[in-house]
1. Expressed as an acute angle from 0 to 90° and rounded to the nearest 10, what is the orientation of the C-alpha long axis of helix 185-197 relative to the principal long axis of the chain?
2. Suppose every K and R has +1 on its Cβ and every D and E has -1 on its Cβ; what is the size of the dipole of the stretch 141-251 about the Cα centre, in Debye to the nearest 20?
3. Express the accessible area of the chain per residue in Å², computed with a 1.4 Å probe while the remaining protein chains stay in the model.
4. Compute for the chain: radius of gyration divided by Kirkwood radius, i.e. Rg/Rh, restricted to C-alpha atoms, rounded to two decimals.
5. Treating each Cα of the stretch 77-129 as an identical point scatterer and ignoring solvent, apply the Debye formula and state log10 I(q)/I(0) at q = 0.13, 0.15, 0.30, 0.32 Å⁻¹.
6. Once the Cα gyration tensor of the stretch 96-214 is diagonalised, what are the square roots of 5 times its eigenvalues, in whole Å and ordered largest first, as equivalent ellipsoid semi-axes?
7. Please state the relative contact order of the chain as a whole percent: Cα pairs under 8 Å, 6+ residues apart?
8. Ignoring everything except DSSP H segments at least 4 long, calculate the 222 nm mean residue ellipticity for the chain; use -39,500 (n - 2.57) per segment, divide by total residues, nearest 500.
Amino acid sequence: MTAELPDKALELRSLVTSAGTLELSLHEVDVPKPQDTEVLVRIEASPINPSDLGLLVASADMTKAEVTGTKGRPVVTAPIATPQAFKARLDQSLPVGNEGAGTVVAAGKSEAAQALLGKTVGIAGGAMYSQYRAVDARACLVLPDGATARDGASSFVNPLTALGMTETMRREGHSALVHTAAASNLGQMLVKLCQKDGIPLVNIVRKPEQDELLKKLGAEHVLNSTSPNFTHDLVEALTATKATLAFDATGGGTLASDILNAMEEAANATAAEYSRYGSDVHKQVYIYGALDTSPTILTRNFGMAWGIGGWLLTPFLATAGADTIARLRARVSAELTTTFASNYTREVSLAGMLQPDAFGEYVKRATGEKFLVTPQDE
């Protein structure tokens, strides 16, 4: 298979200049030759996740972006107000894309690598907005029979995040969850996962159509944060589920505080006696996203038994241990087209990513809107 491979291929790069400009462009790079324990994957599908956008567009004002170059090799430039905030990456052309899937078209001589030749695999590790990527064979998730690269493109970030949330819940002694921006692809996975595992889940959304979407999936508790009855409904849902752990994708504003206060009210509803320090039930909110970039505001009416912090998949995996990671990955593979299936609203080529009608949409991080990149298409 190696003899049929091209010498060169395209890769999307992101550059932040010291002059205060973001530049996105396609570079022609050498097709890598796999080392002994590596495989070469022809990338056929890769999602645009919110976690990709920080590296992709930095803090550039994409409403002022300009596109030059040609249709096949567009170049996007946009202003960055504070380039020194990206000092560690200034004037470096960086590849982008956390995860993807495709066909193994060449392999190193190790037995593990050779066994993957011709297989469709999901991979993670960066530089996935590329036509070819060499990775260690052990990093590949072999997709189940019949699954396509499109099915496996999002087989790492969202599925392992959903599983990481439920693992964290069990590890910290909670029994139910709250999730915000719950109509996202991740949120839909979490609904299906919690149903399968019998975990009570409170879903918080912002639009009626998102409410309807989750209820069609079978979600029992779906609350609209823009409803005038939101606070009352949240307390009722928390009383019913006894959820004391929340994962918040919004980050800014008062939502984390609202959740903690509602958890406290729900805990006090069943308290045996009054305490001036509040309930002794520990309430925890983990912020894992930044859909709202404004400051996080806390109004402390939730007693003294509480915590708020950050949660990311990579640090979780770093502490999970090899056995846990293997177990989670095996579950993703087994339930790839059911529990962990992803829905995409639009597909674009590498060049298509750099067109205004595309980047004007995916930089919004809109809940329920998900782009799939198809690097082999023109």
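The values are calculated or read from the model by the stated rules, or taken from the named source; none is laboratory data. Not measured: the values here are computed from a predicted model. Please note: Cβ atoms are built from the backbone with ideal geometry, for glycine as well, and neighbour counts cover all protein chains shown. Areas reflect the complete protein model, heavy atoms only, side chains present, ligands, DNA and RNA absent. Shrake-Rupley method; radii C 1.70, N 1.55, O 1.52, S 1.80 Å.
1. Helix 185-197 and the main axis of the chain meet at about 60 degrees.
2. Details: 10 positive and 12 negative charges, 15 e Å.
Around 80 debye, computed over the stretch 141-251.
3. Numbers: 17320 Å² over 378 residues.
Heavy-atom accessible area per residue stands at 46 Å².
4. On the way: Rg = 22.2 Å, Rh = 22.1 Å.
Here Rg/Rh amounts to 1.00.
5. These q points yield log10 I(q)/I(0) values of -0.54, -0.62, -1.14, -1.15.
6. Details: eigenvalues 219, 53, 30 Å².
Equivalent ellipsoid semi-axes, largest first: 33, 16, 12 Å.
7. Values: 814 pairs, mean separation 66.4, N = 378.
Relative contact order here is 18 percent.
8. Numbers: 11 runs with 107 residues, N = 378.
Computed ellipticity for the chain at 222 nm equals -8000 deg cm²/dmol.
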